[in-house]
Amino acid sequence: STIPAPDRKGDRDDVKAAEQQMRLARANAASALERGTPTFDVFGSAAFNGRQAEMGKSLSDPFSANRPTYTFGVKLGIPLAPGTLSAAKAGWTKEQDAAELTYSRKRLEQDQAWRDLNQKLLEAKHRLALANVIEQAQSTKLEYERAKLKRGRSVTAQVLMYEQDFALAQFTRI
């Protein structure tokens, strides 16, 4: 009976690491592209102020709406060096592409290693089957020669040589 080849259980650690590196490169590129885009912010704040000569009124006055201060604003941020930004975007894209290529390369190497391992297993099974056939043939040859020796048709040296051949066949199978 032959032992079946096991199924592959997921990816190797280096392939998983390359996949995470690819995801990180994608996220970094997206984040960097966002940092380079223009921004438009609207903001506002409100504060209550109080000034009194007496300590008690001075402490309670800021929490009332007697003297409020309001602030409203708009903030626009635009990159001033579009050429530099364009070069940076190209760099981020290349980094992302490199990480994707590394991942696909690792994936390909893993698949090839698995195919090679399965091929080696098949070849080892084939060699074992051949070794079993050779061992059986050597055993048959040895028994035939022993029978000839008992009948006086062979010499002990010939039987010893066949015993060595049989032992070598056993060793090869093992």
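Numbers for the structure displayed
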read-out: Per-region count, the range 25-50, residues in a helix (DSSP H, G or I) and either loosely packed, with under 13 Cβ neighbours inside 10 Å or among the polar types (S, T, N, Q) (or both); value: 6
read-out: Matching residues, the range 133-157, being of a type in the set (S, T, N, Q), at pLDDT 95 or above and open to solvent by less than 70 Å² (accessible area, probe 1.4 Å); value: GLN138, SER139
read-out: Top-ranked residue in the range 79-92 [being open to solvent by less than 70 Å² (accessible area, probe 1.4 Å) and touching a residue at least 12 places away in the same chain (Cβ under 8 Å); ranked as nearest to ALA27 (Cα to Cα)]; value: TRP92
read-out: Scan of the range 142-174 for residues that are of a type in the set (Val, Ile, Thr), more than 16 Å from ASN132 (Cα to Cα) and not in a loop (DSSP other than H, G, I, E, B), ordered by number; value: THR156, VAL159
read-out: Check on ASP97, acidic (Asp, Glu), surrounded by 12 or more Cβ atoms within 10 Å (Cβ to Cβ) and either within 37 Å of the chain's Cα centre (by Cα) or part of a helix (DSSP H, G or I) (or both); value: yes
read-out: Single condition LEU76 does not satisfy, out of (1) modelled with pLDDT of 85 or more; (2) in a helix (DSSP H, G or I); value: (2)
read-out: Count - residues of the range 14-45 that are β-branched (Val, Ile, Thr) and under 25 Å from the mean Cα position of the chain (by Cα); value: 1
read-out: Among (1) at pLDDT below 80; (2) open to solvent by 100 Å² or more (accessible area, probe 1.4 Å) - the single one PRO68 does not satisfy; value: (2)
read-out: Close pairs (8 angstrom Cβ cut-off, 6 or more residues apart or separate chains): closer than 13 Å to GLU19 by Cβ in the range 97-123, among the acidic types (Asp, Glu) and not in a helix (DSSP H, G or I) anywhere; value: ARG107/ASP11; GLN110/ASP11
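The values are calculated or read from the model by the stated rules, or taken from the named source; none is laboratory data. Computed from a predicted structure; not experimentally measured. We place every Cβ from the backbone using ideal geometry, glycine too, and count neighbours over all the protein chains shown. For accessibility, only protein heavy atoms count, side chains too; no ligands or nucleic acids. Shrake-Rupley method; radii C 1.70, N 1.55, O 1.52, S 1.80 Å.
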